[in-house]
Amino acid sequence: MVKRFLTHPGVIVAVLFLGQFAFWFFFMPEQPTIKSASPRYDSSSALLQWAVFFIIFEASIILGTLIPVSQKYRVALQEGHIRFWWRWALIIMSFALLGELVYIRTFLQNPELFSELLTPGNLAALGELARSERRVGISSLNNLFLLSTAILAVLSFHPHVPKPWVSRARWWLAGLGLAVVLHAFFLAARMFFVYYLLVILAAYFILQKVSTRLIFYALITLAALIWIGELFRSGAAFAKSNQLPLISPEVQVYTWERLAQGYFAADFNNTLIMMSCNPSMQLWSTTMLAGPLGIQAYYDQCPGWQGVDGTVNVLALWWYDWGWTSIVVAIVTGFVLGALYKLRLAVYHLRPEGFYFLLAFPGLFSILRINFFFLTIWVLPFLFLALVHLTYLIRISLKGTKQ
């Protein structure tokens, strides 16, 4: 029962969304104590509107988990199934590597920038430089690491995959993890490693027995990663400008204030501001299509918006793009998440249906801050998995014809 709740989208969304509200309620000061943060924004009507959207979204997730799904899963795996997924993992990693090379081409063309990465306080600025130079469609292929992680994690933890394959998958998973760590650390993209860990945890929770100790260690690890990431991102810059050691109490306090007023509580504060704002009705301004479509809607122009941190709870992002029709977006997205959760056990016999939920799992956490399911970090791995799914069905069909 506990194991099921560890990956249940309804439970995760409820805990995180209500936790975000509680964090804002208790830790958001009336006036900010750090630069670029916003003052506390109170609006009972916006809070009520958010609560209504939240209840609709949560109810839709629960409804999606109620769809009937066959529970007949193959126990003995065929060698061909394992080889099929192994080959696709390598192909997908190759595309991800291509995307990463294009993403960091500015550094490859200017090797002197690598030395600047090691200078305290430069990580955030250089990370922004890499993002500003990215080429949509090519560099975005590095997001495919998410799908490779899901495949390798399943092969690593599946109880019926032969040990030689398990060992091989775990070595490659560790190598991929190292690459993700380097990207996350040097390009100020700490969420990449968080996504990597969340996919692995989801696969482990589904395929293996889970102990309370493991859950505790997983939570501590995620919290430490978030803290260390922010410490090197903004804490290092603060330490440099104030000539303080990175481990000094002043830097640690500043890191906490950044996390609270710039992220956790701020995201909900921004949510209330946007819920009070008239929707742009641009439909795609908070998605990956905003740039290609040339959409010029900026939600930081909403009355009451004073900070520079632009992350917002997804319910407010949907509201800004779709207005009251975002209720439909919440219903559809919630139902799909619930349905994907119901299909998660398909990974037991390496069917593609189960992998969709592994890709969606990090999004349950990220929608606290971004429109995850409408960005390339989700869309590209999803589309590639759909392609893999198609080749899987063709393969099964051809085998059936031969028989």
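Where a number appears in this text, it was derived from the coordinates with a stated rule and is not lab data. Predicted model, so just to flag it, every value in this text is computed and none were measured. All Cβ positions, even for glycine, are placed from backbone atoms using ideal geometry, and neighbour counts span all protein chains on display.
For the reader, a short list of remarks on this structure follows.
- Extending 7 Å from Cα along the Cβ direction at Ile138 and again at Gln243 yields two label points whose distance is 4.6 nm.
- Net charge dipole size for the chain [Lys, Arg +1 and Asp, Glu -1 on Cβ; Debye, nearest 20]: 1960 debye
- Nearest 10 degrees, 0 to 90: helix 163-186 Cα axis against the chain principal axis: 20 degrees
- Largest GNM mean-square fluctuation across Leu380, Leu48, Leu343, computed for the chain with C-alpha springs under 10 Å, falls on Leu48.
- Comparing Ala223, Leu244, Thr255 along the charge dipole axis of the range 183-327, the residue lying farthest to the positive side is Ala223, per the Cβ-charge model.
- Radius 13 Å from Cβ of Cys277, net charge of other residues (Lys, Arg +1; Asp, Glu -1): -2
- Spatially near lysine pairs across the chain, Cα under 22 Å, sequence gap of 8 or more or different chains: 9
- Charged-residue dipole, Cβ positions (Lys, Arg, Asp, Glu), the range 239-395 about Cα centre, Debye nearest 20: 560 debye
- Remark on the range 138-250: Rg and Dmax equal 16.9, 55 Å (Cα only).
- The chain, helix-only ellipticity at 222 nm - DSSP H runs n ≥ 4, -39,500 (n - 2.57), divided by all residues, nearest 500: -21000 deg cm²/dmol
- Cβ-based exposure ranking for Met281, Met288, Met274, in which fewest neighbours within 10 Å come first: Met281, Met288, Met274
- Spherically averaged projected area of the chain from its Cα convex hull (nm²): 21.4 nm²
- Length added when fully stretched, Tyr298-Glu79, from 0.36 nm per residue minus Cα-Cα: 73.7 nm
- Stokes-Einstein diffusion coefficient of the range 245-371, Kirkwood radius over Cα pairs, 37 °C, 0.692 mPa s, in µm²/s: 197 µm²/s
- Among 176-182, 252-258, sorting by the average number of other beta carbon atoms lying within 10 angstrom of each residue, highest first, gives 252-258, 176-182.
- Peptide ranges 315-321, 61-67, 38-44, 7-13 listed from the most packed, as the mean C-beta count within 10 angstrom indicates: 315-321, 7-13, 61-67, 38-44
- For Thr391 and Arg168, the difference between the fully extended length at 0.36 nm per residue and the C-alpha to C-alpha distance is 77.9 nm.
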